[in-house]
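Structure, as structure tokens:
The values are calculated or read from the model by the stated rules, or taken from the named source; none is laboratory data. On a predicted model such as this, the values are computed, not experimentally measured, just so you know. In this analysis, Cβ positions are derived from the backbone assuming ideal geometry, glycine residues included, and neighbour counts consider all displayed protein chains.
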Amino acid sequence: MRLQGDFVLNILIIDTSCEHEIIIVDNGKTFGGAFMNTGFVHSLSLFERVDKVLAQSGCVMSDMDYIICGVGPGSFTGVRIAVTTVRTISQLLNIPVVGVKSPLLYAIRSDIELNSNIMVGFDAKKSKIFGALYRKTEQGYLTLIEEGDYFPDYILDRVEPESNLICLGSGSVKYSEKIIEKSQKARILDNLMPDINSVSAYCKDIAEKHSTKDYTTLMPFYARLSDAEALKNSLVKK
């Protein structure tokens, strides 16, 4: 890894927590973005798309100074694929890694007004969402409700009805009627595409502030037990 300071940090950002993939390379310029509707088959497309984005940037994997990985919550399989992939690359090439909660990567957008509340919700089934509530401020993104597994009402009941509320993600679209009923100024954006320049700037800032992190520190954040784990626990209790 090169020293910071006079050098431009090269970073790779990967997230596969929902039906999209975020793959961004920043080497002073940003390349890549979000690849839509992968259908949760990230294992079939991730390496190929990472290679393509690296080629666009003129870099190879060993040029990366940091890898930023979305750790969830979201699709169990998607989160696991991203974390396992990044841990493997980090171990093989000794590249430091930093985990970021996945909903935040979608909340960071330059087209959202300051002081707006931002709810990111991925459909988690069982009438719930994997999501969080943030507020965009001049100092950055303030977490009002931490990333987790929630009924939509849990988040919506904690938002002032007359405050600006921007809602993103498949869960927000699915429960749009409930959102509009609860929040008078809610606006639901069906375009989940992240702002790659804003996301890249945020992640680069995180990388510069973190001390070196090895692959063993990167862990998935699922926010709930899988159905198999829940069934196993219920059987043990009986």
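Say whether the condition of being assigned to a strand (DSSP E or B), among the hydrophobic types (A, V, I, L, M, F, W, C) and farther than 23 Å from Ser75 by Cβ is met by at least one residue in region 120-141.
no
Please verify whether region 165-176 includes one or more residues that are part of a strand (DSSP E or B), in contact (Cβ under 8 Å) with a residue 60 or more places away in the chain and surrounded by fewer than 18 Cβ atoms within 10 Å (Cβ to Cβ).
no
Quick check on region 122-154: of everything there that is within 15 Å of the chain's Cα centre (by Cα) and of a type in the set (Val, Ile, Thr), which residue is surrounded by the most Cβ atoms within 10 Å (Cβ to Cβ)?
Ile129
With the requirement that a residue be of a type in the set (A, V, I, L, M) and in contact with a helix residue (DSSP H, G or I) (Cβ under 6 Å, 6 or more places away or on another chain), what does region 104-118 give you?
Within region 104-118, Leu105, Ile108, Ile118 meet the criteria.
Just one of the numbered conditions (1) at pLDDT 90 or above; (2) more than 16 Å from Ser198 (Cα to Cα); (3) in a loop (DSSP other than H, G, I, E, B) is not true of Ser90; which one?
Of (1) at pLDDT 90 or above; (2) more than 16 Å from Ser198 (Cα to Cα); (3) in a loop (DSSP other than H, G, I, E, B), only one is false for Ser90: (3).
State yes or no: is Gly72 assigned to a loop (DSSP other than H, G, I, E, B), without any contact (Cβ under 8 Å) to a residue 40 or more places away in the chain and either surrounded by 21 or more Cβ atoms within 10 Å (Cβ to Cβ) or more than 19 Å from the chain's Cα centre (by Cα) (or both)?
No, not satisfied.
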